[in-house]
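The values are calculated or read from the model by the stated rules, or taken from the named source; none is laboratory data. As the structure is a prediction and not an experimental result, all values here were calculated from the model. Glycine also receives a Cβ, built like all others from the backbone with ideal geometry; neighbour counts cover every protein chain displayed.
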Amino acid sequence: MRCPFCQNDDTQVKDSRPTEDKSAIRRRRFCPACGARFTTFERVQLRELTVVKKSGRRVPFEREKLERSLDIALRKRAVEPDRVERMINGIVRRLESMGESDIDSDHIGKLVMEGLESLDQVAYVRYASVYRNFREASDFEKFLGKMGGTEDDFHDEEYREES
């Protein structure tokens, strides 16, 4: 593993242990060249996933991008990091176990919406505002009015077709 500080290729593992949810191995590493210590995580990857964007463009799935979007939605919210990590692991497992290598970006967005709805209502609305491309305050009002109903009650098409 390359040292992220000095780029030395020869680092040493000092400690390995499973994460709390047993979905990854956490490794503490040491770089003998610069003396830096850092942590890496090793996860099982069942298959290479490709995200098919609305434009038809295909890009490799990046767990880190999913983590960043959730970090933004959950910014300054009192949600335990372990719950967020379990949600991310669950989404990735569901995507990998679908049997498909190509995943529509829309499907990923729906899984995130499902997870956020039960995790934190404010983060759910924040994420929805980007995912559903809200343009005006009335879009928020319509969405908030539908939150008491089911996901099917809210008509995605009226927001997606405008973009």
Looking only at region 68-106, how many residues end up being over 20 Å from Asn133 (Cα atoms), surrounded by fewer than 13 Cβ atoms within 10 Å (Cβ to Cβ), of a type in the set (D, E, K, R) and under 14 Å from the mean Cα position of the chain (by Cα)? 1
In region 40-53, how many residues are surrounded by 15 or more Cβ atoms within 10 Å (Cβ to Cβ) and part of a strand (DSSP E or B)? 3
Just wondering, is there one or more residues in region 113-120 that are surrounded by 14 or more Cβ atoms within 10 Å (Cβ to Cβ) and touching an Asp or Glu at 6+ places or on another chain (Cβ under 7 Å)? no
Could you tell me which residue of region 54-82 is modelled with the lowest pLDDT, considering only residues that are within 29 Å of Gly99 (Cβ to Cβ) and in a loop (DSSP other than H, G, I, E, B)? Lys54
Considering only region 2-15, I want to know if a residue exists there that is at pLDDT 90 or above, of a type in the set (Phe, Trp, Tyr), over 30 Å from Gln121 (Cβ atoms) and in contact with a Cys (Cβ under 6 Å, 6 or more places away or on another chain). yes
Residues satisfying the stated conditions in region 54-84, i.e. under 24 Å from Glu117 (Cβ atoms) and touching a strand residue (DSSP E or B) at 6+ places or on another chain (Cβ under 7 Å): Phe61
Would you confirm, using the coordinates I've provided, whether Ala123 is assigned to a helix (DSSP H, G or I), of a type in the set (A, V, I, L, M) and at pLDDT 90 or above? yes
Answer yes if at least one residue in region 149-160 is modelled with pLDDT of 75 or more and either among the charged types (D, E, K, R) or touching a Leu at 6+ places or on another chain (Cβ under 6 Å) (or both), and no otherwise. no
Report, by residue number, each residue of region 28-39 that is surrounded by 11 or more Cβ atoms within 10 Å (Cβ to Cβ) and either free of Cβ contacts under 8 Å to residues at least 24 places away in the same chain or closer than 30 Å to Arg132 by Cβ (or both). Arg28, Phe30, Arg37
How many residues are in a strand (DSSP E or B) and either closer than 29 Å to Arg83 by Cα or not polar (S, T, N, Q) (or both) when one looks only at region 1-39? 16
Out of (1) more than 22 Å from Leu119 (Cα to Cα); (2) under 18 Å from the mean Cα position of the chain (by Cα), the odd one out for Ser23 is which? (1)
